[in-house]
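Notes follow the structure.
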Amino acid sequence: MRVHFVGYRADAWFSFSSCRLGFLGAWSLKYAIGVDIEDRARHLKALDLANHYFSKDETNAIKRVENHKRMRTFFRLWSLKEAALKSIGEGLPFGLDAFEFELAPSPRIVHAPPEWGGAKRFKAHTIESTTGSCAALVIRKRA
């Protein structure tokens with residue numbers, strides 16, 4: 001079972017995510033935050049999904065890497081996008097294309113919705129594991 005929860009209180013922001021390989025949670029009194037964890041072993045058509053939900057540059061980043069790194073790159077971007085959406089209190093219906101990322105040399109938000117302050121208000125982090133999961137944390141400076 002996969003559970004995602006994003007919540008808000010006047011003094012705290014928290015986010016949780018889980019997959020079959022683990023659970024990730026974070027909270028902050030200073031920043032709005034979002035987390036996501038994904039099981040990289042899931043079989044899916046990464047390029048088809050990327051073509052539909054990711055920017056052209058993100059999709060090209062996935063195409064440029066070899067097969068075993070392709071899924072890792074896809075899930076890094078996917079988890080960053082989900083975490084970013086949670087950092088504004090939204091979910092997938094808001095649109096994965098609302099945020100655009102670059103992965104090298106380190107994760108960075110290239111585009112974020114202007115109504116949330118644009119890319120300069122966000123910081124992105126990926127968390128790699130040896131268990132086959134890929135996770136992300138996105139923090140947003142609160143106004």
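Values in this text are rule-based calculations from the coordinates and carry no lab data. None of these values were measured; they are calculated from a predicted model. Using ideal geometry, Cβ is built from the backbone for each residue, glycine included, and neighbour counts are taken over all protein chains shown.
Annotations
- Per-residue Karplus couplings for the range 96-112, computed as 6.51 cos²θ - 1.76 cosθ + 1.60 with θ equal to phi - 60°, are listed in order as 5, 7, 5, 10, 10, 10, 10, 9, 10, x, 9, x, 8, 7, 8, 9, 9 Hz, Gly and Pro entered as x.
- Bins of 5 Å, starting at 0 and running to the largest distance - Cα pair percent for the chain: 2, 11, 21, 24, 22, 13, 6, 2, 0, 0
- In order along the range 62-75, the Karplus-derived 3J(HN,Hα) couplings, from 6.51 cos²θ - 1.76 cosθ + 1.60 at θ = phi - 60°, round to 6, 5, 6, 9, 5, 3, 5, 8, 4, 5, 4, 5, 4, 5 Hz, and Gly and Pro are given as x.
- For Leu85, the shell of other residues with beta-carbons less than 13 Å away shows a net charge of -2, using +1 for Lys and Arg and -1 for Asp and Glu.
- Of Lys30/Lys86; Lys81/Lys120; Lys45/Lys86; Lys45/Lys69; Lys69/Lys123, pairs whose Cα-Cα distance is over 20 Å: Lys45/Lys86; Lys69/Lys123
- The loop-placed GluC sites (Glu not before Pro) in the range 34-130, going by DSSP, that have at most 15 neighbouring Cβ atoms within 10 Å of their Cβ come out as Glu66.
- The 3J(HN,Hα) values that the Karplus relation (6.51, -1.76, 1.60; θ = phi - 60°) gives for the range 130-136 are, in residue order, 8, 8, x, 9, 9, 9, 9 Hz. Gly and Pro appear as x.
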